[in-house]
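The values are calculated or read from the model by the stated rules, or taken from the named source; none is laboratory data. Source: prediction; values computed, not measured. Cβ placement follows ideal geometry from the backbone for every residue including glycine, while neighbour counts extend to all protein chains displayed. Calculation scope for accessible area: heavy atoms of the full protein, side chains included, ligands and nucleic acids excluded. Shrake-Rupley method; radii C 1.70, N 1.55, O 1.52, S 1.80 Å.
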Amino acid sequence: MIAENTVMKLYVYEANHCEDALWDVLSENEYNQHWPYFLLKKIEGVRFELPYTQPSQQSLGLTHLGTNQLVYLQFETYQSVTCQWE
(Lines give C-alpha, C1' and ligand atoms only; values in the text may rest on other atoms or scores of the structure.)
Protein backbone atom coordinates (compact mmCIF):
# COMPACT_ATOMS: atom_id res chain seq x y z
CA MET A 1 0.00 0.00 0.00
CA ILE A 2 1.42 3.39 -0.93
CA ALA A 3 -1.24 5.65 0.61
CA GLU A 4 -4.56 5.59 2.43
CA ASN A 5 -7.13 7.90 3.96
CA THR A 6 -10.48 7.44 5.68
CA VAL A 7 -12.26 6.40 2.47
CA MET A 8 -9.69 4.81 0.14
CA LYS A 9 -6.46 2.85 -0.10
CA LEU A 10 -3.95 3.01 -2.91
CA TYR A 11 -2.02 -0.17 -3.73
CA VAL A 12 0.70 -0.94 -6.25
CA TYR A 13 0.96 -4.38 -7.86
CA GLU A 14 3.58 -5.36 -10.38
CA ALA A 15 2.26 -6.69 -13.70
CA ASN A 16 3.93 -10.06 -13.19
CA HIS A 17 1.96 -10.54 -9.94
CA CYS A 18 -1.49 -10.12 -11.50
CA GLU A 19 -2.66 -13.70 -11.22
CA ASP A 20 -6.20 -15.05 -11.53
CA ALA A 21 -6.64 -15.08 -7.73
CA LEU A 22 -5.92 -11.34 -7.59
CA TRP A 23 -8.47 -10.62 -10.33
CA ASP A 24 -11.05 -12.70 -8.42
CA VAL A 25 -10.49 -10.69 -5.23
CA LEU A 26 -10.70 -7.38 -7.10
CA SER A 27 -13.90 -8.43 -8.82
CA GLU A 28 -15.49 -9.59 -5.58
CA ASN A 29 -14.61 -6.38 -3.72
CA GLU A 30 -15.87 -4.24 -6.57
CA TYR A 31 -19.25 -5.94 -6.23
CA ASN A 32 -19.44 -6.25 -2.42
CA GLN A 33 -17.64 -3.06 -1.36
CA HIS A 34 -18.26 -0.89 -4.46
CA TRP A 35 -14.52 -0.31 -4.78
CA PRO A 36 -13.29 1.08 -8.12
CA TYR A 37 -10.01 -0.11 -9.65
CA PHE A 38 -7.67 1.26 -12.27
CA LEU A 39 -4.39 0.22 -13.83
CA LEU A 40 -1.52 2.43 -14.94
CA LYS A 41 0.85 1.22 -17.63
CA LYS A 42 3.81 2.68 -15.70
CA ILE A 43 4.12 4.50 -12.38
CA GLU A 44 7.61 5.96 -12.66
CA GLY A 45 7.39 9.70 -12.05
CA VAL A 46 3.61 9.71 -11.50
CA ARG A 47 2.47 11.71 -8.47
CA PHE A 48 -0.47 10.41 -6.46
CA GLU A 49 -2.29 13.03 -4.41
CA LEU A 50 -4.72 11.55 -1.93
CA PRO A 51 -6.92 13.75 0.29
CA TYR A 52 -6.63 12.65 3.91
CA THR A 53 -10.13 13.27 5.23
CA GLN A 54 -13.58 12.14 4.18
CA PRO A 55 -15.20 15.63 4.18
CA SER A 56 -12.85 16.61 1.37
CA GLN A 57 -14.65 17.00 -1.95
CA GLN A 58 -11.41 16.29 -3.74
CA SER A 59 -10.79 12.79 -5.06
CA LEU A 60 -7.57 11.01 -5.95
CA GLY A 61 -5.31 13.19 -8.09
CA LEU A 62 -2.79 11.89 -10.61
CA THR A 63 -0.19 14.21 -12.13
CA HIS A 64 2.96 13.84 -14.21
CA LEU A 65 1.38 11.14 -16.35
CA GLY A 66 3.51 11.90 -19.41
CA THR A 67 2.74 9.36 -22.15
CA ASN A 68 1.07 7.02 -19.72
CA GLN A 69 -2.05 4.92 -20.12
CA LEU A 70 -4.76 4.51 -17.46
CA VAL A 71 -7.32 1.71 -17.59
CA TYR A 72 -10.45 1.96 -15.42
CA LEU A 73 -11.73 -1.55 -14.71
CA GLN A 74 -15.39 -2.51 -14.37
CA PHE A 75 -15.43 -6.19 -13.49
CA GLU A 76 -19.17 -6.52 -12.98
CA THR A 77 -19.93 -5.49 -16.56
CA TYR A 78 -16.70 -6.88 -18.06
CA GLN A 79 -15.79 -3.45 -19.41
CA SER A 80 -12.82 -1.15 -19.22
CA VAL A 81 -12.16 2.43 -20.20
CA THR A 82 -8.71 3.37 -21.45
CA CYS A 83 -7.33 6.91 -21.23
CA GLN A 84 -4.05 7.86 -22.84
CA TRP A 85 -1.90 11.00 -22.59
CA GLU A 86 0.61 12.13 -25.16
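List the residue pairs whose Cβ atoms are under 8 Å apart, where the first residue sits in segment 42-70 and is open to solvent by less than 50 Å² (accessible area, probe 1.4 Å), the second is at pLDDT 80 or above and of a type in the set (S, T, N, Q), and the two are 6 or more positions apart or on different chains.
Note: pairs meeting the criteria are 46/63; 46/68; 68/84; 70/82; 70/84.
Within segment 19-42, is there a residue that is assigned to a loop (DSSP other than H, G, I, E, B), of a type in the set (Gly, Ala, Ser) and modelled with pLDDT of 80 or more?
The answer is no, given that none of the residues of segment 19-42 is assigned to a loop (DSSP other than H, G, I, E, B), of a type in the set (Gly, Ala, Ser) and modelled with pLDDT of 80 or more.
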